[in-house]
Amino acid sequence: MAEAILENASVKRVREALLARGAGERVIVLDGAARTAAEAAAGLGCEVGAIVKSLVFAADGNPVMALVAGDRQCDVAALGRALGLGAPPGRADAALVRRATGFAIGGVAPLGHVEALPIVIDDSLARFPRLHAAAGHPHAVFPLSYSELVAWTGGKPAAISAA
């Protein structure tokens, strides 16, 4: 099963994005699904907060991404302010998520998107020395640091979450 997941087109796109950033081969295939932060944390044996949730929102029909700690909720008003929007963005539907990122919900990675989109990073993620993010499939993740998350995504760190 692991080999098939690593050869999945979405996972390959994440692996290529990581290699392009000099990150080497980092994708981990989990035995169980990691569709939620709690599932990913259980599979990895880490704190839920160390899981990066890649959330897509719609701002006037345009996709924007929030990268939020697994133990927090995105404050959409704060996200809107961080993006300089006049109003908070709304949750994107599955079709917009797929079109903007190339990933299905449950495996949305913070990089390797098919479209460039504005990204804001929850600054509460900085409290963890090691993070894990989805790698394009519900059974695939990859480890990274907060500084790598910022550098590799080009995202803007901001206070966009609430406990």
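Where a number appears in this text, it was derived from the coordinates with a stated rule and is not lab data. None of these values were measured; they are calculated from a predicted model. Quick reminder, even Gly has a Cβ in these numbers, built from the backbone with ideal geometry, and neighbours come from all protein chains shown.
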Just grab the label-to-label distance for S145 and R81, each label 7 Å out from Cα along the Cβ direction, in nm (one decimal).
3.0 nm
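From the Cα gyration tensor of the stretch 95-139, with a ≥ b ≥ c the square roots of its eigenvalues, which class applies: rounded if a/c is under 1.5, or else prolate if a/b is larger than b/c, or else oblate? Don't skip to the answer; put the middle values down first.
Numbers: a/c = 2.74, a/b = 1.55, b/c = 1.77.
Oblate is the answer for the stretch 95-139, as a/c is 1.5 or above yet b/c matches or exceeds a/b.
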³J(HN,Hα) across the stretch 62-78 via Karplus (A = 6.51, B = -1.76, C = 1.60, θ = phi - 60°), whole Hz, x for Gly/Pro?
9, x, 9, 10, 10, 9, 10, 4, x, 9, 10, 10, 6, 8, 5, 5, 5
Quick one: dipole size for the chain, taken about the Cα centre, charges +1 on Lys/Arg Cβ and -1 on Asp/Glu Cβ, in debye to the nearest 20.
200 debye
With x for Gly and Pro, the residue-by-residue ³J(HN,Hα) of the stretch 14-29, computed from phi through the Karplus equation 6.51 cos²θ - 1.76 cosθ + 1.60 at θ = phi - 60° and given in whole Hz, is 5, 4, 5, 5, 5, 4, 5, 9, x, 8, x, 8, 10, 5, 10, 9
At a Förster radius of 35 Å, what calculated FRET efficiency corresponds to the Cβ-Cβ distance of R127 and E16, to the nearest 0.05?
0.70
Total formal charge among the other residues, if their Cβ is under 14 angstrom from that of S124, Lys/Arg +1 and Asp/Glu -1:
-2
Stretched out fully, how many nm does the piece from A104 to A38 gain, at 0.36 nm a residue minus the Cα gap?
21.9 nm
Tell me the label-point distance for the pair A162, A116, using the 7 Å Cα-to-Cβ offset, in nm and rounded to one decimal.
3.3 nm
Intensity falloff of the chain expressed as log10 I(q)/I(0), Debye formula with alpha-carbon point scatterers, at q = 0.15, 0.18 Å⁻¹:
-0.72, -1.07
Put +1 on the Cβ of every Lys and Arg and -1 on every Asp and Glu Cβ in the stretch 2-162; which of G136, A87, G32 then has its Cα farthest towards the positive end of the dipole?
A87
